[in-house]
1. Do we find that S378 is surrounded by fewer than 19 Cβ atoms within 10 Å (Cβ to Cβ) and either in contact with a Gly (Cβ under 6 Å, 6 or more places away or on another chain) or outside the structural domain of F449 (by TED's automatic domain parsing) (or both) in this structure?
2. Please go through the range 203-228 and give me each residue that is under 28 Å from the mean Cα position of the chain (by Cα) and either at pLDDT below 85 or not polar (S, T, N, Q) (or both), ordered by number.
3. Pairs, please: C-beta under 8 Å, at least 6 apart or cross-chain, first residue more than 13 Å from S85 (Cβ to Cβ) and in the range 187-205, second outside any helix (DSSP H, G or I) and modelled with pLDDT of 90 or more?
4. Within the range 209-224, which residues are exposed (fewer than 14 other Cβ atoms within 10 Å of the Cβ) and not in a helix (DSSP H, G or I)?
5. Does the range 123-142 include one or more residues that are under 30 Å from D43 (Cβ atoms) and either surrounded by 18 or more Cβ atoms within 10 Å (Cβ to Cβ) or modelled with pLDDT under 80 (or both)?
6. Checking V34 against (1) at pLDDT 90 or above; (2) over 19 Å from F148 (Cβ atoms): exactly one of these is not met. Which one?
7. Quick one: in the range 39-60, which of the residues that are assigned to a helix (DSSP H, G or I) and at pLDDT 85 or above is nearest to Y12 (Cα to Cα)?
8. From the list E242, E200, which residue is modelled with pLDDT under 90 and surrounded by 14 or more Cβ atoms within 10 Å (Cβ to Cβ)?
Amino acid sequence: MGTALGNFRATYVAVLCCVGSFLFAYDTGIVGGVLTLAAFQKDFNYTKAQSKSINANAVSILQAGAFFGCFVIWPITARLGRRWSMVISSAVFIVGGILQVVNTGSIACFYAGRVISGFGVGAATVLVPMYSAEMAPKNIRGQLGSGFQLFFAIGVCVSYWVNYAVQKHVEPSTKQWQIPIGLQLLPGGILGLGMILVKESPRWLVKRGRNEQALENLIWVRGGDSEEVQDEFAEIVAGIEEESRISEGVTYKELLLPSNRYRLFIAITMQLSAQLTGNTSLAYYAPQIFTSVGAGNSTALITGFFGVVKVVAVSTFCLFVVGRIGRKTAFMGGAAAMGTFMLIIAIIVAKFPPGKPGDSISHSAIAAVLMVYCESASYNLSWGPVAWIYLGEIFPTRIREIGIAVGAASQWLFNFALSQITPYAVSNIGWRTFLMFAIFNYAIIVYSFFVLRETAGKSLEEMEEVFFRGDKTLKGDNVDIDTQSSNEPGRDITKN
């Protein structure tokens, strides 16, 4: 473990599966621009009066498909493994992408493609943090896991610039909207074909009783056999055997054990907090947001550079931040920075209302745009990547599939809610929208301090101690750690 070959293979596996994040980000970012093209409206034969509802539907049904995809993939990955589940999710996404790119002239067929693609990307949001966490060495798990957000940022950035390019350089025609939609099939194919060439998760194999193959796969991904690899494998086997003693099968009662109940609570509230930071709303409605702060006729170009800021920030996090600070520090520091920038934006927009959309950009608008860039950078240096790392770390192997599925589904649910609220908030309450997000961010600091547990530097098997210790702070729950580590873990967890 820790050899150059091992780190290369672990990085390769993480980068490959994070293409799923790129797919979601690109697909979400591209559709907003495509739906504004006159060529698309002409081919699908709808009027400007219908465009508002069609735009909302095209965005929301992808999220609805993703929500259900999170749960559909759970029994599949439990039975077939992480690797083949990723291949299946890629194939589903490609089918949906083909339905979108073919000029059928039917908006219903386009909707169907969006739903099917949503199933694929929803499944990927479950599989990516799970597979990355199980395959990466713990000393670089944070860096590799943060690749999910890096590829998300790259996907958003690419989608903004592709939209800009086809609007400026492609004549209005069917090809104008087919190019950006069709490009998503390329990474979809890379994901599916690439997963065929990698190994299955050793932890999943041990859980299925295939220990010999699990050791072979662990040796492969670590770049060779060594005493450290053997120790890690022994730790994996011991941890899964310990979890398996609770009962023969996972039941809902196991999810209600105090430590697991607390993990589920964290998974759901953490995803809610990530949406309440306001950054996802900025990403979805970047042109509208920049217009609202006074970007004027520079909106399209400013939106493109907004994507660049995201990529630079996440890259900085991956290279220089993730291995040097704890998870809680990142959560609290990011929320504090985002709250401050949102508050400054609210003050600027309230004091210097934006001019007409066609006007040139003012000095106050430049300041507001810079603050939006800073807010986005803060998110991508903290909550963006760390939330997905954290979600992949906190659950024991026995309930990791359903735990991550619940967390990912919560992300899609809250994502849907905020994406519906934001455009109306910007239109109706203006600068107070940014004040609202500032208040949310300051509340998230308190939540992070009192609710979240530090997981940096811990192996997945060591998380039991972290969260059993955490159980003691839960009102009404007592946990006897000494008894908990006996031959029948979980039996002596009692409530007052």
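The values are calculated or read from the model by the stated rules, or taken from the named source; none is laboratory data. Model, not experiment: these values are computed from the prediction. Positions of Cβ are generated from backbone atoms using ideal geometry, with glycine treated the same way; all protein chains shown enter the neighbour counts.
1. Considered against the rule, which asks whether it is surrounded by fewer than 19 Cβ atoms within 10 Å (Cβ to Cβ) and either in contact with a Gly (Cβ under 6 Å, 6 or more places away or on another chain) or outside the structural domain of F449 (by TED's automatic domain parsing) (or both), S378 comes out as no.
2. Answer for the range 203-228, where residues must be under 28 Å from the mean Cα position of the chain (by Cα) and either at pLDDT below 85 or not polar (S, T, N, Q) (or both): R203, W204, L205, V206, K207, R208, A214, L218, W220, V221, R222.
3. L205/G81
4. G209, G224
5. yes
6. Here V34 clears every test but (1).
7. Among those residues, the one meeting the criterion is F40.
8. Step by step, each of E242, E200 is checked, and only E242 is modelled with pLDDT under 90 and surrounded by 14 or more Cβ atoms within 10 Å (Cβ to Cβ).
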